[in-house]
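Notes to accompany the following structure.
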């Protein structure tokens, strides 16, 4: 049986750990509520933007002029971004966190990423990764050497402060790779926030446009009097970058809320486990103390009997 000092030291150690996990749970709970409000508020705009984009593509029906097109950056080159091409290299944007202690959140995303890499490699396609979050970069940098895959860029600071500007930077980087034909497809692996207790790892396709975007007939209410001012080029050059950036921004918000919810759940479970461990150790401590007292009594009685 362990001595009293060892058991007491273990109890103190678990109690200190419980203080940390409870504090992290409270911090995550406070942040996840704000993140939940933000992500739910952003969803209607993302949905409406997609609807408007579909309506515009149906109205234009692929007929737009590229004459006198002023392109300041790759993401403004919408004719190239909207073109269909044979897919040889896939650009995969992976959403993870900078910190651990979030349950299986990062492990689930990394596992899904490796699975997608294997699928594309089996089809003879190369994968180029754009990784958001330190945990994703650390978890994938050693794995990609086993596949036809490489990490092009990593984004660490954007996780700490999710903004539309941060999403725009990622969108411009990926658009540059797409326009330069270094990638032929842009895809996002993120987690969609459901509630405080659950999320799901999802695969979002951005470019080339998914089948439901290419099939304009599924757009129900099309305004027959849709006018483009000042012109088609100007409108498309504004809405295509907005569409791509907003999808990435929405993915960042969903990932942030999912991470915080996962951390809150993990820290809650850790605190409960610490409580149970302290309870069991306290029982062991009391047993050891009783055994020590009994041993002392036996020694006293034995000594008294020896003096008779």
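General remarks:
Results for (1) outside any loop (DSSP other than H, G, I, E, B); (2) surrounded by 23 or more Cβ atoms within 10 Å (Cβ to Cβ), shown as yes or no for each residue.
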residue: 86; (1), (2): no, no
residue: 91; (1), (2): yes, yes
residue: 99; (1), (2): no, no
residue: 103; (1), (2): no, no
residue: 108; (1), (2): yes, no
residue: 114; (1), (2): yes, no
residue: 119; (1), (2): yes, no
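- Odd one out for residue 242, checked against (1) outside any strand (DSSP E or B); (2) modelled with pLDDT under 90; (3) in the same structural domain as residue 153 (by TED's automatic domain parsing); (4) farther than 23 Å from residue 152 by Cβ: (2)
- Candidates 269, 292, 306, 288, filtered to the one that is in a helix (DSSP H, G or I), out of contact with any helix residue (DSSP H, G or I) (no Cβ under 8 Å at 6 or more places or on another chain) and farther than 30 Å from residue 200 by Cβ: 306
- Restricting attention to segment 127-150 and to residues that are in contact with a strand residue (DSSP E or B) (Cβ under 8 Å, 6 or more places away or on another chain) and surrounded by fewer than 17 Cβ atoms within 10 Å (Cβ to Cβ), the residue that is farthest from residue 106 (Cα to Cα) turns out to be 148.
- Considering residues of segment 160-192 that are over 23 Å from residue 83 (Cα atoms) and in contact with a strand residue (DSSP E or B) (Cβ under 6 Å, 6 or more places away or on another chain) only, the residue surrounded by the most Cβ atoms within 10 Å (Cβ to Cβ): 190
- Evaluation of residue 227 against the conditions (1) in a helix (DSSP H, G or I); (2) farther than 30 Å from residue 188 by Cα shows that the sole unmet condition is (1).
- Some residue of segment 46-60 being modelled with pLDDT under 90 and outside any helix (DSSP H, G or I): no
The values are calculated or read from the model by the stated rules, or taken from the named source; none is laboratory data. These figures come from a predicted structure and were not determined experimentally. FYI the Cβ positions are ideal-geometry reconstructions off the backbone, even for glycines, and counts take in every protein chain you see.
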